[in-house]
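Have a look at the structure below, then the notes.
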Number of protein chains: 2
Amino acid sequence: MTKSGSDFPVVGVVGGGQLARMMQQPAIALGVQLHVLADSRNDSASQVVHDVSVGDYRDLDTLRRFADNCDVLTFDHEHVPTDHLHALVDAGVTVRPGPDALVFAQDKGLMRDRLAVLGSPVPLWRHVHSADDVASFATDVGGWPVVIKATRGGYDGKGVWVVKDSGGAAEVLSHAQVPGFLVEQLVPFTRELSAMVARSPSGQAVAYPVVETLQVEGICREVYAPAPGISEDHAVEAQQAALRIAGELGVVGMLAVEMFDTPDGVMVNELAMRPHNSGHWGMDGAVTSQFENHLRAVLDLPLGDPTALAPFTVMVNILGGDLPDLYPAYLHCMARDPGLKIHVYGKTVKPGRKVGHVNVVGDDVDSLVERARHAAAYLRGDIDE
Amino acid sequence: MTKSGSDFPVVGVVGGGQLARMMQQPAIALGVQLHVLADSRNDSASQVVHDVSVGDYRDLDTLRRFADNCDVLTFDHEHVPTDHLHALVDAGVTVRPGPDALVFAQDKGLMRDRLAVLGSPVPLWRHVHSADDVASFATDVGGWPVVIKATRGGYDGKGVWVVKDSGGAAEVLSHAQVPGFLVEQLVPFTRELSAMVARSPSGQAVAYPVVETLQVEGICREVYAPAPGISEDHAVEAQQAALRIAGELGVVGMLAVEMFDTPDGVMVNELAMRPHNSGHWGMDGAVTSQFENHLRAVLDLPLGDPTALAPFTVMVNILGGDLPDLYPAYLHCMARDPGLKIHVYGKTVKPGRKVGHVNVVGDDVDSLVERARHAAAYLRGDIDE
């Protein structure tokens with residue numbers, strides 16, 4: 001018997017953003033009830049889930065009360081304090097991914113340390129405490145610019161700074177709110193890749209096709225699945241790196257390994273332990289979406305087939321622009337292209353905010369890019385024809 | 001401005017069954033809020049929608065209050081009294097499909113009369129009021145058995161009786177609750193087909209691939225999409241018949257035209273003006289599912305592409321059997337076949353009740369049938385390996 005009163009379990013999702021929202025679609029099919037701990041009744045996921053708790057995920061008692069009504073706890077984001085997660089586990093709550101794994105997605109310093117031990121390919125990097133440390137690193141790697149990252153709390157380009165001299169480094173390190181910094185070489189990559197895997201507590205794991213991501217100012221703008229022109233060897237190398245990290249870190253659920261593609265092979269950039277923007281293409285382009293496989297993994301159900309349904313799927317994010325509301329643009333976009341798969345998040349439009357995405361599935365990647373890009377631009381208000 | 005406070009409209013669905021539940025998945029993607037008028041908080045759709053009203057759809061005041069918070073009203077079933085729908089329309093409520101169309105799905109006598117006027121191919125039939133009327137019809141069409149149908153209230157084989165003599169006819173006609181009866185020839189069909197179309201208020205319409213349905217005791221058990229071996233001419237004949245009916249009757253939303261396939265061509269059997277069991281395959285096998293196109297149609301948005309994603313999709317219904325709960329069977333089914341798309345409805349298992357369905361998408365229809373049939377049988381508890 002589960003918390004739902006039947007054999008169907010209740011999955012508690014901490015965070016009410018679009019990732020929780022998009023978990024609801026496969027949860028409906030699976031018959032699994034989703035409860036969401038959201039910041040407000042208007043959150044993206046709050047609008048589409050029957051059972052919503054409003055509360056602060058930074059408060060342990062709130063988390064405890066929420067967990068009481070759930071069979072397993074998982075996450076829409078990685079911001080829950082690690083100590084709270086350990087306290088929940090100690091109290092018998094099933095937390096997936098567990099804090100011992102999740103901490104490597106929460107803390108980039110710990111992640112880099114651990115990947116170094118594993119021998120995963122990573123950029124040159126160093127913990128830093130002062131502008132002098134950064135300058136010393138820059139000298140060692142052949143000069144400026146270098147990349148400073150906050151070890152915790154960053155996302156969508158926040159917490160990442162490219163600096164070109166000691167003055168710039170000093171300014172970044174004056175951020176009093178940031179608990180720690182590291183510095184990295186600016187990798188001369190040819191493109192960015194993402195390798196996503198799902199892993200269950202029993203150790204079963206499946207790897208999605210490796211995709212190419214186009215990032216602008218640290219925000220994912222477009223994804224091409226699979227990465228056009230990627231060789232079988234190269235894709236397998238990236239998938240194996242991701243599977244190895246998932247296994248070694250004990251990840252449960254989805255793991256996204258963002259990578260730099262370089263002439264010398266792939267280098268691991270960032271980890272996310274949840275459904276990830278680079279996997280949204282699979283909602284329409286894969287047999288089993290990342291959201292379904294995340295749920296299956298955290299429930300310790302056998303994983304679904306991550307195979308692509310067509311030669312290519314292209315995803316383009318809809319970022320907030322000049323249009324205050326996306327709906328009126330539907331008429332034009334849908335009439336122009338009946339094959340579009342539009343996904344909006346029910347979020348208030350703010351400039352640059354991710355408010356939805358468009359998927360297009362088919363054979364010719366260039367025409368898919370054109371179609372998805374046009375729809376996203378129209379929905380954003382960048383074009384009017 | 002809509003009832004949601006933004007430009008995104010609120011769709012009110014009368015009825016909380018699995019059809020309303022499955023509308024929620026594309027509603028999430030479209031950003032459209034679904035409100036459901038359900039019989040209880042435990043209804044299939046009540047579990048997965050944020051805004052649930054509990055009330056009796058046979059009560060006009062309940063319908064009025066529900067409609068007050070919605071921009072458009074549509075249906076999970078066809079049982080709302082026609083007079084109530086006219087009253088709502090008179091009060092300015094947008095009802096789609098409207099009562100003037102819906103009545104032809106509610107009343108089989110009116111439907112047959114209208115299709116006769118349109119010249120649509122239908123079985124020989126007659127209104128009947130007595131066992132003598134039935135016997136007279138049987139004589140005229142060459143003998144027993146014949147089929148008696150209640151003009152209103154039937155579904156899933158209920159309200160349909162095959163009778164083989166006057167005594168049987170007399171027994172059926174003694175049902176005091178039934179407002180009217182008609183009698184039909186027992187059509188010597190080779191198989192049953194379903195042609196589904198979506199139509200918008202502006203008259204745009206799209207036709208889904210024509211599928212074959214396997215019915216057992218009046219309940220849909222399996223669907224093969226497209227109908228294996230169907231010729232282009234034959235499929236177009238069926239699609240054109242469905243498009244013509246949708247246009248002539250002024251349908252808005254999904255229309256399912258269930259047909260008999262005979263050596264002399266297709267004959268129209270039943271109409272449903274809502275998403276229909278014979279269209280569930282498209283949730284995983286078509287670019288745009290019937291649930292998304294139903295929402296688009298009732299919102300007067302341009303319709304999505306009904307094209308199939310693969311050569312075949314097979315759907316097999318999960319009927320209630322010996323297992324009180326479906327979830328424990330997931331482990332075996334998902335481990336055996338990672339490509340299964342399982343959809344359950346959150347309904348209490350009762351013998352013979354539709355509690356879910358399984359889709360499988362691929363190239364070889366025979367192996368798809370084997371896979372989907374196995375999973376449905378396992379989930380039902382008919383087999384244990």
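The values are calculated or read from the model by the stated rules, or taken from the named source; none is laboratory data. For clarity, every value in this text was computed on a predicted model and none was experimentally measured. Reconstructed Cβ throughout: ideal geometry from the backbone, glycine too, with neighbour counts over all protein chains shown.
Please enumerate the residues belonging to the stretch B:122-143 that are outside any helix (DSSP H, G or I) and either in contact with an Asp or Glu (Cβ under 9 Å, 6 or more places away or on another chain) or in contact (Cβ under 8 Å) with a residue 60 or more places away in the chain (or both).
B:V122, B:P123, B:L124, B:W125, B:R126, B:H127
For A:R353, the criteria (1) exposed (fewer than 15 other Cβ atoms within 10 Å of the Cβ); (2) within 29 Å of A:A308 (Cα to Cα); (3) without any contact (Cβ under 8 Å) to a residue 40 or more places away in the chain hold in every case but one, which is (1). Which condition does A:D39 not pass, out of (1) farther than 25 Å from B:A29 by Cα; (2) surrounded by fewer than 22 Cβ atoms within 10 Å (Cβ to Cβ); (3) touching a strand residue (DSSP E or B) at 6+ places or on another chain (Cβ under 8 Å), if it passes all the others? It is condition (1) that A:D39 fails. Residues in the stretch A:5-25 that are under 17 Å from B:Y330 (Cα atoms) and more than 9 Å from chain B (Cβ to nearest Cβ) were compared, and the one that is surrounded by the fewest Cβ atoms within 10 Å (Cβ to Cβ) is A:V10. Residue-level analysis places B:Y345 among those that are surrounded by 23 or more Cβ atoms within 10 Å (Cβ to Cβ) and facing another protein chain (nearest Cβ under 8 Å).
Residue selection: B:D133 fails the criterion of being not assigned by TED's automatic domain parsing to the domain that holds B:L173 and not aliphatic (A, V, I, L, M). Among the criteria (1) farther than 21 Å from A:G352 by Cβ; (2) of a type outside the set (F, W, Y); (3) in a loop (DSSP other than H, G, I, E, B), the one A:H175 does not fulfil is (1). For the stretch B:184-241, a tally of residues being of a type in the set (G, A, S) and either buried (at least 20 other Cβ atoms within 10 Å of the Cβ) or not in a loop (DSSP other than H, G, I, E, B) (or both) returns 11. Please find, among B:A150, B:A91, B:A116, the residue that is surrounded by 15 or more Cβ atoms within 10 Å (Cβ to Cβ) and not assigned by TED's automatic domain parsing to the domain that holds B:Q215. Step by step, each of B:A150, B:A91, B:A116 is checked, and only B:A150 is surrounded by 15 or more Cβ atoms within 10 Å (Cβ to Cβ) and not assigned by TED's automatic domain parsing to the domain that holds B:Q215.
For the stretch A:290-307, a residue qualifies if it is within 11 Å of chain B (Cβ to nearest Cβ) and under 14 Å from A:V211 (Cα atoms), and the qualifying residues are A:P306, A:T307. Restricted to the stretch B:273-367, the set of helices (runs of 4 or more DSSP H) holding at least 3 residues that are under 19 Å from the mean Cα position of the chain (by Cα) comprises B:282-285, B:290-298. Note on the stretch B:308-328: residues that are closer than 30 Å to A:D337 by Cβ, at the interface with another protein chain (Cβ under 8 Å from one of its Cβ atoms) and surrounded by 22 or more Cβ atoms within 10 Å (Cβ to Cβ) total 0. Which of the numbered conditions does B:G218 fail, given that it passes all the others? Conditions: (1) modelled with pLDDT of 95 or more; (2) under 29 Å from B:V36 (Cβ atoms). If we test B:G218 against (1) modelled with pLDDT of 95 or more; (2) under 29 Å from B:V36 (Cβ atoms), just (1) comes out false. With respect to B:L331, determine if the residue is within 11 Å of another protein chain (Cβ to nearest Cβ), more than 18 Å from A:I342 (Cβ to Cβ) and either surrounded by fewer than 22 Cβ atoms within 10 Å (Cβ to Cβ) or at pLDDT 95 or above (or both). When the stated conditions are applied, B:L331 passes them. Being over 30 Å from A:P306 (Cα atoms) and among the aliphatic types (A, V, I, L, M) is a property that A:L193 lacks. Scanning the stretch B:154-172 for residues that are more than 27 Å from B:V80 (Cβ to Cβ) and in a loop (DSSP other than H, G, I, E, B) gives B:K164, B:D165.
Name the one entry in B:R371, B:R380 that is in contact with a strand residue (DSSP E or B) (Cβ under 7 Å, 6 or more places away or on another chain), free of Cβ contacts under 8 Å to residues at least 60 places away in the same chain, more than 9 Å from chain A (Cβ to nearest Cβ) and among the basic types (K, R).
Only one candidate passes the filter, namely B:R371.
Residues that are without any contact (Cβ under 8 Å) to a residue 60 or more places away in the chain and either assigned to a loop (DSSP other than H, G, I, E, B) or of a type in the set (D, E, K, R) (or both) within the stretch A:250-272 comprise just one, A:D264.
Pairs linking a residue in the stretch A:149-165 that is more than 18 Å from A:H127 (Cα to Cα) to a residue that is part of a strand (DSSP E or B), with Cβ atoms under 7 Å and 6 or more positions apart or on different chains, are A:D156/A:I219; A:G157/A:I219.
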